[in-house]
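Data first, discussion second: the structure below is written as structure tokens.
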Amino acid sequence: MVQEIVLPDADLDTILTALENLTGRIILRPAMLPTATYNLKIKKPIPKAAAIRYIETVLALNGIGVVALDNNAYKVTALTMSRTEAPEMLDGSAFDLPPSGKVATKLFQLEFMRVAELFPMLQGMLNPLYGGPVQLPNANAYLITDSVSNLQRVEFLLQQVDKPLTAGMKPKFYQLREAKASDLVTKLRTILTGTLQIQLGSATTYSADDRTNQIILVTDPRQYSFFDEMIQRLDVRADPNTRNDVIYLNHAKALDVVNVIGQLIRGQTTAIQQRQSGSVRPGQLPTQPGQPQPPTMPGQPPAVVTASGSSNPALDGLLGSSSNEFSSIMTVVNDDRSNSLVVSGTGDDIRLLRDLVAKLDRVLAQVRIEVVIAEVTLDDQHQSGISALGLKLDGDKLVGFSGSANSDSVVVTNGTLTRPGASGAWDLAAEITINSTPRKSKSAIISQPAIVTSHGKASEIFSGETRPVVTGSITSGTIGGTTSTTTQLRIGTRLNVTPFIGADGSVQLELKQTVEDVTSTIVIDNNPQPIIGTRETTSYVTAKSGEIIVLGGFQKKIDSKSNSRLGPIPIIGDLFGARNKQQYRQELIFFLRPVVLTNDPNVDNADALRRIDRLPNRDDIKQQLDPNFQPPPPSPYLLDRILPKG
């Protein structure tokens, strides 16, 4: 028992002498040691072992380490050199020694943690003057030289953290009644992110077993109540966010509507991507503004338009909320068989799409185009068929006839020709020939078809013939014959018309006129082949409903030879008979009258019904068109029975 220790302002030698007297050991020291002034005052009786620990601790606080050499001597060195002077090796627990600043070495063997995981924890606990811990990765251990007090702290730390990862973890199984296990787990992972996941710990896991529709939770039992409430609240019956629907179309084509909707969705997505610095949907290539999209051709599989996979909150937030944009899960597929759209999406998607389709599924404006193709023979007094027929034009529109725009039988008003006293439009062929100056010997109507088409729909009028043309031949050496393959070639006058109908009743006509005729023949491989002369023009004209468009300019020269036989004797009669040789020109004139239909049968069919009235079997035709039609009683006059009406 030491009664007291009083060392005020003592030097190093005084402290070492006190240590030597208390331990009875020889003090071995180098020539140079850190110098300091020591103040150690203990004025009550303490055990000798405690006094030794206090002196060793005071020395360590001033950068001096004391290492036992054997039972008879101590080595005193600078604290930074203590680790290399073989300090005491602790075999057992550091807690077997009282806490002090005494230098010791201990090997810490890790059981579950890895040395790399423990290193960040040790950096702030150990005295850097001892050189820090030595990692032994192969042995999964640390060799640490430090004060006994710090070694005890490290040992206590390992008792708390060097445990199995699942220590204290227990599994729990949740049997779901309404929700699907994998869907609920996905929802949980969406909710439990960031700081929530850190608080739960990396050892907490939850996964789905869709076979039994269960959620398997592995966590600390203290967290059971948290997951119990979360799963109970989510495992409820709820109406799905999405639903399917079929929208049947009355007038539009399903494929055309899907293409329009696809362009709308792509435009919305591009605008959102530009606002959000070009974010791109997962699994989708970036869409460059203005980049054309590949068109869908008829006969291909149904066009699928989808907005799925969007990473844009502006789209994802639309689920279940009222909006004027399609959500990220909306999908539209065309069914050409039933001419319908199969839609999958939110309630707002269905509502928006129905409103949009209702505006697109409209009857397109229709136009009836009457066409008259006239062949005019020109003489020296007329340079064109228009002047030869005595027509008066304003641009391409027929406004009257040479000499007088109006006559007793026809009146021209704002470019539309009508007959006084006659209701509705009159037959186009009659209108253009009523006041034409030349007679039938110099002009002839070779075709007067009429077509009905819709806005933007191309149509074609063809007047001509088909001729077989040899496309190939096969000569058989055994049979000694030649077999030819042929195709039918259409030769004649072709008019392609694409109308665009304006809201004011005007009609823009995109016209392509093609005139083909056989100019001569040529023999190829003993097969006579026609040489086709082709004349073609493209026009774009605008007219009001009922106006007559006149297009000309297709002229050709014709050489005519004839002779009259003198006497009944062949050859001799031809040689001495009179000969006649003529050259003249012919021109094709196209007359077109577009009439915008009103979708009122009584108005739109008036012209056709007037033509039917001129037919002898008009009553039979009308009865076929209208089962309720009652033919009028026969006229008592004989001429009314014989002559057609009108």
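Count, please, the residues in the range 45-59 that happen to be open to solvent by 20 Å² or more (accessible area, probe 1.4 Å), of a type in the set (A, V, I, L, M, F, W, C) and in contact with a strand residue (DSSP E or B) (Cβ under 7 Å, 6 or more places away or on another chain). Steps first, answer last, please.
To start, the set of residues in the range 45-59 that are open to solvent by 20 Å² or more (accessible area, probe 1.4 Å) comprises 45, 47-49, 52-54, 57-58.
Imposing the further condition that a residue be of a type in the set (A, V, I, L, M, F, W, C) reduces the set to 49, 52, 58.
From what is left, the residues that are in contact with a strand residue (DSSP E or B) (Cβ under 7 Å, 6 or more places away or on another chain) are 58.
Here the count works out to 1.
Of the numbered conditions (1) within 21 Å of residue 554 (Cα to Cα); (2) surrounded by 11 or more Cβ atoms within 10 Å (Cβ to Cβ); (3) among the β-branched types (Val, Ile, Thr), residue 531 fails exactly one; give the number of that condition.
(2) is the only condition that residue 531 fails.
Is it true that some residue in the range 244-256 is without any contact (Cβ under 8 Å) to a residue 60 or more places away in the chain and either part of a loop (DSSP other than H, G, I, E, B) or under 30 Å from residue 334 (Cβ atoms) (or both)? Let's see the steps before the verdict.
Of all residues in the range 244-256, those without any contact (Cβ under 8 Å) to a residue 60 or more places away in the chain come to 256.
If we keep only those that are either part of a loop (DSSP other than H, G, I, E, B) or under 30 Å from residue 334 (Cβ atoms) (or both) as well, we get 256.
Yes, the range 244-256 contains a residue that is without any contact (Cβ under 8 Å) to a residue 60 or more places away in the chain and either part of a loop (DSSP other than H, G, I, E, B) or under 30 Å from residue 334 (Cβ atoms) (or both).
Suppose we filter the range 508-544 for residues that are of a type in the set (S, T, N, Q) and outside any strand (DSSP E or B); how many remain? Before the answer, list the steps.
Looking only at the range 508-544, we keep the residues that are of a type in the set (S, T, N, Q), and these are 508, 513-514, 519-521, 526-527, 529, 534, 537-539, 542.
So of that shortlist, the ones also outside any strand (DSSP E or B) come out as 526.
Residues that pass the stated criteria total 1.
How many residues, within the range 342-375, are basic (Lys, Arg) and either touching a Pro at 6+ places or on another chain (Cβ under 9 Å) or part of a strand (DSSP E or B) (or both)? I'd like the intermediate steps shown before the answer.
The first filter runs over the range 342-375 and keeps only residues basic (Lys, Arg), leaving 351, 354, 359, 362, 368.
Applying the additional criterion that residues be either touching a Pro at 6+ places or on another chain (Cβ under 9 Å) or part of a strand (DSSP E or B) (or both) yields 368.
The total comes to 1.
Can you tell me which residue in the range 470-503 is surrounded by the most Cβ atoms within 10 Å (Cβ to Cβ), limited to those that are part of a loop (DSSP other than H, G, I, E, B) and modelled with pLDDT of 75 or more?
Kept after step one, since they are part of a loop (DSSP other than H, G, I, E, B), are these residues of the range 470-503: 476-481, 502-503.
Now drop any that are not modelled with pLDDT of 75 or more, which leaves 502-503.
Numbers: 502: 14, 503: 6.
My answer is 502.
Is it the case that the range 2-13 has a residue that's surrounded by 12 or more Cβ atoms within 10 Å (Cβ to Cβ) and under 29 Å from residue 156 (Cβ atoms)?
no
Only one of (1) modelled with pLDDT of 70 or more; (2) open to solvent by 50 Å² or more (accessible area, probe 1.4 Å); (3) within 56 Å of the chain's Cα centre (by Cα) fails for residue 413. Which number is that?
Condition (1) is where residue 413 drops out.
Does residue 343 count as touching a His at 6+ places or on another chain (Cβ under 9 Å) and either open to solvent by less than 10 Å² (accessible area, probe 1.4 Å) or modelled with pLDDT under 85 (or both)? Even if it seems obvious, please write down each step before you answer.
Numbers: touching a His at 6+ places or on another chain (Cβ under 9 Å): no; either open to solvent by less than 10 Å² (accessible area, probe 1.4 Å) or modelled with pLDDT under 85 (or both): yes.
Against the criterion (touching a His at 6+ places or on another chain (Cβ under 9 Å) and either open to solvent by less than 10 Å² (accessible area, probe 1.4 Å) or modelled with pLDDT under 85 (or both)), residue 343 does not qualify.
If we keep just the residues of the range 1-22 that are in a loop (DSSP other than H, G, I, E, B) and of a type in the set (D, E, K, R), which is farthest from residue 51 (Cα to Cα)? Break it down stepwise before answering.
Residues of the range 1-22 that are in a loop (DSSP other than H, G, I, E, B), as a first pass: 1, 3-4, 11.
Now narrow it down to the ones that are of a type in the set (D, E, K, R): 4, 11.
Values: 4: 9, 11: 18 Å.
Taking the candidates together, the pick is 11.
Scan the range 346-367 for residues that are closer than 27 Å to residue 462 by Cβ and surrounded by 20 or more Cβ atoms within 10 Å (Cβ to Cβ) and jot them down.
If the condition is that a residue be closer than 27 Å to residue 462 by Cβ and surrounded by 20 or more Cβ atoms within 10 Å (Cβ to Cβ), then 367 is the only one that fits.
Only residues that are free of Cβ contacts under 8 Å to residues at least 12 places away in the same chain and not aliphatic (A, V, I, L, M): list them for the range 338-384, please.
Taking the range 338-384 as the starting set, the residues that turn out to be free of Cβ contacts under 8 Å to residues at least 12 places away in the same chain are 351, 355, 358-359, 380-383.
Across the range 338-384, the qualifying residues are 351, 355, 359, 380, 381, 382, 383.
Go through the residues of the range 212-223 one by one and say whether even a single one is open to solvent by 80 Å² or more (accessible area, probe 1.4 Å) and touching a Pro at 6+ places or on another chain (Cβ under 7 Å).
First pass over the range 212-223, keeping only residues open to solvent by 80 Å² or more (accessible area, probe 1.4 Å): 222.
Going one step further and asking which of them are touching a Pro at 6+ places or on another chain (Cβ under 7 Å), we end up with none.
No, the range 212-223 has no match at all.
Among the residues of the range 152-179, write down those that are open to solvent by 30 Å² or more (accessible area, probe 1.4 Å), out of contact with any strand residue (DSSP E or B) (no Cβ under 8 Å at 6 or more places or on another chain) and not β-branched (Val, Ile, Thr).
At the first step, the residues of the range 152-179 found to be open to solvent by 30 Å² or more (accessible area, probe 1.4 Å) are 153, 156-157, 159-161, 163-173, 175, 177-178.
Going one step further and asking which of them are out of contact with any strand residue (DSSP E or B) (no Cβ under 8 Å at 6 or more places or on another chain), we end up with 153, 156-157, 159-161, 163-165, 167-168, 177-178.
Answer for the range 152-179, where residues must be open to solvent by 30 Å² or more (accessible area, probe 1.4 Å), out of contact with any strand residue (DSSP E or B) (no Cβ under 8 Å at 6 or more places or on another chain) and not β-branched (Val, Ile, Thr): 153, 156, 157, 159, 160, 163, 164, 165, 167, 168, 177, 178.
Looking only at the range 12-42, which residues are in contact with a strand residue (DSSP E or B) (Cβ under 7 Å, 6 or more places away or on another chain) and over 18 Å from residue 68 (Cα atoms)?
Listed by number, the residues that qualify are 14, 34, 37, 38, 39, 40, 41, 42.
The values are calculated or read from the model by the stated rules, or taken from the named source; none is laboratory data. From a predicted model like this one, the values you see are computed outputs, not experimental measurements. Positions of Cβ are backbone-derived with ideal geometry, glycine not excepted, and every protein chain shown enters the neighbour counts. Only protein heavy atoms, including side chains, enter the accessible area calculation; ligands, DNA and RNA are left aside. Shrake-Rupley method; radii C 1.70, N 1.55, O 1.52, S 1.80 Å.
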